[in-house]
Amino acid sequence: MDPKVTAAVAAADAAGPGKGETVRIDSWIWAVRLIKTRSMGATACRGGHVHVNGERVKPAYSVRIGDEVRLRQEGRERIVIVKRLIRKRVGAPVAIQCYVDNSPPPPPREAVAPAGLRDRGTGRPTKRDRRELERLRALRALGNRPPGAR
């Protein structure tokens, strides 16, 4: 292993919880870089997007080693098993060592076509172009339902 990564792992162990202390789930998913901010982690928990061992959890839930954490975000489900408890955010090489990733592979980028991209240099969209873009985005948000269906 790289000496820098070894030093970072040692620092993460020192910054981890002490004997008998616990780590909140919103803090842990932020610390291991599954979510960008801790407040986004808390919002995901409140919204029912985080499950630990099959049960929906609140942001203050205490996570333990061996727990299975399921996180649904941006149309993808991440399934991880907790290997190490950390409280502070660490670098990506160290964060990967704190969990076992059992997530299904992400869909290929070609499968997810962005709606409403314009060619570079075509200038500002006309009113008609803008309305077509808004209509496409609305259809995409509704899950590609036909117009008029609710």
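The values are calculated or read from the model by the stated rules, or taken from the named source; none is laboratory data. The structure presented is a predicted model; accordingly, all values stated were derived computationally and were not measured. When we count neighbours, we look across all protein chains shown, and the Cβ atoms used for this are built from the backbone with ideal geometry, even at glycine. Quick note on the areas: whole protein, heavy atoms, side chains included, nothing else; ligands and nucleic acids left out. Shrake-Rupley method; radii C 1.70, N 1.55, O 1.52, S 1.80 Å.
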| task | For the stretch 132-150, enumerate the residues that are modelled with pLDDT of 80 or more and not in a helix (DSSP H, G or I). | result | none
| task | Please name all residue pairs, on different chains or six or more residues apart, with Cβ atoms under 7 Å, provided the first residue is in the stretch 125-142 and is farther than 21 Å from residue 75 by Cβ and the second residue is modelled with pLDDT under 85 and exposed (fewer than 12 other Cβ atoms within 10 Å of the Cβ). | result | 125/118
| note | Scanning the stretch 59-72 for residues that are of a type outside the set (A, V, I, L, M) and surrounded by fewer than 16 Cβ atoms within 10 Å (Cβ to Cβ) gives 62, 64, 66, 68, 72
| said: Which condition from (1) outside any strand (DSSP E or B); (2) open to solvent by less than 60 Å² (accessible area, probe 1.4 Å); (3) closer than 21 Å to residue 106 by Cα is the one that residue 28 breaks? | reply: (3)
| message | Based on this model, can you work out whether residue 56 counts as open to solvent by 80 Å² or more (accessible area, probe 1.4 Å), within 30 Å of residue 140 (Cα to Cα) and modelled with pLDDT of 90 or more? | response | yes
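Quick one: which of 41, 48 is in a helix (DSSP H, G or I) and open to solvent by less than 40 Å² (accessible area, probe 1.4 Å)? Don't jump to the end; show me each part of the working.
Numbers: 48 fails: in a helix (DSSP H, G or I).
The unique qualifying residue is 41.
Is the stretch 107-123 home to any residue that is modelled with pLDDT of 90 or more, open to solvent by 70 Å² or more (accessible area, probe 1.4 Å) and either out of contact with any Gly (no Cβ under 7 Å at 6 or more places or on another chain) or not in a helix (DSSP H, G or I) (or both)?
no
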| said: Test of understanding: among 78, 89, 33, 84, which residue is open to solvent by 40 Å² or more (accessible area, probe 1.4 Å), within 28 Å of residue 5 (Cβ to Cβ), touching a strand residue (DSSP E or B) at 6+ places or on another chain (Cβ under 9 Å) and part of a loop (DSSP other than H, G, I, E, B)? | reply: 84
